[in-house]
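Notes follow the structure.
Read-outs: derived from the displayed coordinates by stated rules, not from any lab. In this text the structure is predicted, and so the values were computed from the model without any measurement. Here the Cβ is made from the backbone with ideal geometry for all residues, glycine too, and neighbour counts use every protein chain on show.
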Amino acid sequence: MPRLESLSQRLAPTPTPFVGGLECTYLPAYDVDLLETSGHTERWREDLDALSPLVQSVRYPIRWHRVEQEPGRFDWSVTDETLGHISEAGIEPIVDLLHHTSYPAWLTDGFRDRRFGPAFVRYATAVAERYPGPDFLHTLQRTLRHPFPGWA
């Protein structure tokens, strides 16, 4: 005789093809990180666990401004932990490399800073070498509104 699913199994939420995401802009002129001001950095596990039964993927930042606070020196500890938890929760990450103005404060002239292009390439290369698994990398989030004269 075939086994019948329990009512709770049939009614349990299943991940939808929707993508979850968190507002993660960093405002370097004010040293304001919206993931920090929203409290997400304190409760990221709970936030991600709440998303896991609802979505299959989440756009999640690698916060360049926190990972590379000094040129060429990377601290991956927080990123390792959060991306590991996303994977354990069964969520596919869409890794967000640069969200609006979320570049390090040491790029004092922002996108116009002559160091921006080489610094971004160095950072993106370091991310790809450290995390070769994500199938989706979201490289730039609406940054094309900004001028790029420093990319000579």
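Provide the packing ranking of 77-90, 52-65, i.e. peptides ordered by the mean count of other C-beta atoms within 10 Å per residue, highest first.
Per-residue Cβ counts within 10 Å, averaged per peptide and sorted highest first, yield 52-65, 77-90.
Taking amide H positions as placed in the peptide plane 1.01 Å from N, state which residues far from SER57 in sequence (5 or more) or on other chains have amide H under 5 Å from it.
The answer is GLY20, GLU92.
For region 16-71, restrict the atom set to alpha-carbon positions and state the Rg and Dmax in Å.
12.8, 40
With no solvent and one point on each alpha carbon, what is the Debye value of log10 I(q)/I(0) for region 17-143 at q = 0.22 Å⁻¹?
Here the Debye-derived log intensity ratios amount to -1.43.
Could you give the length gained on full extension between ASP75 and VAL19, defined as 0.36 nm per residue of separation minus the Cα-Cα distance, in nm?
Answer, rounded to one decimal: 17.4 nm.
Pull up all non-local amide H partners of ASP96: gap of 5 or more, or a different chain, and H-to-H distance under 5 Å with H placed in the peptide plane.
Here TYR60, ILE62, HIS138 satisfy the definition.
Quick one: Karplus J couplings for region 69-85, per residue in order, coefficients 6.51, -1.76, 1.60, θ = phi - 60°, nearest Hz, x for Gly and Pro?
6, 10, x, x, 10, 9, 10, 9, 4, 5, 5, 4, 5, 6, 5, x, 5
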